[in-house]
1. May I ask you to derive the FRET efficiency for Q494 and R161 from their Cβ-Cβ distance with R0 = 25 Å, giving the value to the nearest 0.05?
2. Could you check the simple spin-label distance between C453 and Q599, using points 7 Å along Cα→Cβ, in nm with one decimal?
3. Express the accessible area of segment 50-106 per residue in Å², computed with a 1.4 Å probe while the remaining protein chains stay in the model.
4. Find the accessible area per residue for segment 109-205; the probe is 1.4 Å, ligands and nucleic acids are left out, and the unit is Å².
5. Run the numbers for S150 and D208: contour at 0.36 nm per residue of separation, minus the present Cα-Cα distance, in nm.
6. Kindly report the accessible area of segment 446-598 per residue (heavy atoms of protein chains, probe 1.4 Å, no ligands, DNA or RNA), in Å².
7. Got a number for carbon plus sulfur as a percent of segment 275-323's accessible area, 1.4 Å probe?
8. Between Y271 and A525, what is the label-to-label distance in nm when each label sits 7 Å out along the Cα-to-Cβ direction?
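The values are calculated or read from the model by the stated rules, or taken from the named source; none is laboratory data. Here the structure is a predicted model, which is why all the values come from computation and not from measurement. Reconstructed Cβ throughout: ideal geometry from the backbone, glycine too, with neighbour counts over all protein chains shown. Just the protein is used for accessible areas: all its heavy atoms, side chains included, with ligands, DNA and RNA removed. Shrake-Rupley method; radii C 1.70, N 1.55, O 1.52, S 1.80 Å.
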Amino acid sequence: MSSIKIPFLVLLLLILINWAVLVPSQPIIPSRYDGFVYRRRAASTATVLIEAFYDPVCPDSRDSWPPLKQAVDHYGPSRLSLIIHTFPLPYHDNAFVTSRALHIVNELNASATYHLLNAFFKHQERFYNAQTLNMSREGVLDLVIGFASSTLGNSMQSAIRSGFNDTKTGTKTRVSFKYGCSRGVYGTPFFFVNGFLIPVSDDTIDYDGWRKIIDPLIKEQRQYPSNHLESNSLRFCFKSLSDRSIHSMKLQTLSSSFVENLDPMLNESIYHFLAEFQKGRTDFSELSSIFFRLIQTMTEPPLEFIWFYSAITFQTSKSSSVSTDSQNYLVSVKDLFHSLISFRNPSGSSYLKQVSLIAPVLYHLVNFKSAISSLKTEIEGLADEIIRHIIMCSDNDLAEQEIVAGKSTVSWVGLVPVWIADQVGENRGCVDGFRLFFPLLTEDIRRGIHGDCGMNYLGAVVMIETFLFRLCLMFDSGASESDLHKDVKNYAAQIIHGFKRNSSFLVMLLKLLLEPSLPVGELLATPHELILRRLLYDVALDFSLFLHCDTFADVQYKEIVILWLFVANSAVQFASENGDHVGVDRYLNAFSASQLPRQIISWVTGVTSMKPTAPDVSSPKDIIGWLLVLEQHGLKVCDHNISELHEKALKYNSMGIDNGVKDGQTMVEDAPVKINGGRKRSNTGFWEAQKQIKVIKCCHENLGDDGFCGKTDVGNSVSDQEMVDMVR
């Protein structure tokens, strides 16, 4: 029996071994289809579907991504879908850990996945084998976690690290690799279109190559949807932009007259978007696709077309987002910024347009104020990136050029309602559009916005808002008071120096400092606003260090210098009213040390043969009084009406009485004088002088009363005779 049983058991064992080898193990079936859907567009059999297999640290994968992305964006979600699968190659040491990071981020925030993939491609060399050869496994992991966190926001760091401790994310990364193997993938990049492999030669498929592959596949789909194109004129415009006509246009042949012919289409599109949005519609992907394809045919697309495309794309993405958390919203705003600055023709774009384009980003950032504290580091990083972008654009040789060719006759002002459409709906239409879209402007600057407002003004508006927004972020940083003041002043001076090429920016900044308060109430409490104002006065008094007549046109230079004169006087008054006697002396010393007061005097003596007696240059109020007298005698040194500026300053001062120091407090802690309640001020105004006093003396004496410079004696008084001598 034993001789019979042993061979039988051996035979049974051999059968079991052979069965285990020949019969494959049960495959791992994921709960949902593998891969990252581009821009969260649901893949559909109604569209052409591209599947790409990428290794985040593969140079060929990196090089193939830009043309593929361009092609996908060209066709839009109604015609083409994209899914990317990770396929970590074994001979790339860090392929698996970077692929796993993408899976982790995709679970945390699907809208951030492609943002991280772009970052891996952009900084790929940091993760090459040679760069991490001497690093431990834990060191590489820390490198990847730190990189992903800095890219997407430091607030995500703990969640990303936890993801690496979760075995499920490792399983998902392996599933992607096994799925690629099941499709016959053995390298990267690999592409499948509608399930069929696209052979890839040694050269990456470029944009034209993708067009040749995809165009024939969607030939039958080339009919624009008509469900929301109710207007006959709008349908006509779209019909004129059929694929055949767009395809036949050469990229460099769109003339300005053609762009003007498209303006009715833009106007109709704006109207229909607003009407449909008000009805509750949220998906405008088809319209977005049309405008994207149109913009691609333009050598220098007008700002208005870029704004409309970007606005409806942003609104659609925002409405379709499954997550409304602050982190997700910030990622969307970052994507908006990078999308807007990508519409750039290095050989033709003026810096004014490149700066103006990003106005909507500032609108969304300021509206983000409720989450600034939790995401402050990430928001500061984006604000710094915006500042660097503006300074880089300002160094462009085309700095003061407005693009004429291809310019739209539709004003950018008409695009503001598209950007704020959701806010209008929430407030039932009861909103001040400009106040909402430009929250960090004064009413005076907003009044300068009109239908004919050009890029120079809009660019300056963007600079002002960027400047104020970034400085406001520096408060509540935890730094000591002295360090905060030093940091704010230094950064403010750096930004002004970088932005100074735009004279309109300097004019707006100086006008801000003549207002009763800075327009930062959305971001700062009154005590911090007062501190910021004082620090900006400190910086403004140093303007003379970089203001030179050869930098600006003569008219612009004179306007800036005259405004600076009034700001200097406001700074002295501000310090005096807040009991800051040290500040008064500091401002007067800085004023007298500047060459600008002497420049003003030289302008006067250079345009008249009267040879008026020069005033004392140690006090701005003396020079302003001198200019007021001269103006009354018909002598003007610039386009500014000095008496109007003075009267406005008096008005703003009276408005600002209640905006200053509260009971028992002073602006400067070491000031020896406490200001009690409302600041005391003489009731005598500039135009209420006593009749028995000569007009010349009236101008000066009322200039020196508390309605303009406070009760503190600053500068030298001027006698009646001296004032008369000034205009002889």
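1. 0.10
2. 2.8
3. Each residue of segment 50-106 exposes 23 Å² on average to a 1.4 Å probe.
4. Computed with neighbouring chains in place, this is 53 Å² per residue.
5. Stretched fully, the S150-D208 segment lengthens by 17.4 nm.
6. 34
7. That fraction is 51 percent.
8. 5.0
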